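One structure is given here, and the rest of the page talks about it.
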């Protein structure tokens, strides 16, 4: 009986180092020219209260980074949703838009979002 209890308590090394994500995100943005506002829906899918939640956004146009922004979201309760947004306005974004208007290339936007949070176990 004691041997069975010890085998149940041991866990694989890779399972101990990785943890499940507690959030789901969905990003959207409208028409971007020289400024681009990125809106992100952050959903807490856990039963834990998250605090010190921060959002980082990197905006790319045609695969090239044109700017980044951040937002301090604050606290998200268990099973709750918070909305966050930030605005990118850089010279690189403006130059990419001007190149598109002048006919030198496309204007395909991509936003990479990273959400950082802390919680009590």
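Fully extending the segment from residue 85 to residue 48 would add 11.0 nm, taking 0.36 nm per residue of separation and subtracting the current Cα-Cα distance.
Please compute the contact order of segment 22-119 in relative form: average sequence separation of alpha-carbon pairs under 8 Å and at least six residues apart, divided by the residue count, as a percent.
35
For the pair residue 112 and residue 92, the difference between a 0.36 nm per residue extended length and the Cα-Cα distance amounts to 5.5 nm. For Cα Rg over 2.2 N^0.38 Å, the value computed from the atomic coordinates appears in the list [x] 1.09; [y] 1.17; [z] 1.50 under label [z]. Highest mean first, the peptides 38-44, 25-31 sorted by other C-beta atoms within 10 Å per residue fall in the order 38-44, 25-31. Residues of segment 25-67 with an amide N closer than 16 Å to a point placed 7 Å from the Cα of residue 101 along the Cα-to-Cβ direction: 31-36. For the pair segment 65-83 / segment 96-121, the C-alpha centres are spaced 16 Å from each other.
Bear in mind that the values in this text are calculations on the coordinates, not laboratory data. Keep in mind the model is a prediction, meaning the values are calculated, not measured. Neighbour counts are summed over all protein chains in view; Cβ atoms, including those assigned to glycine, are modelled from backbone coordinates with ideal geometry.
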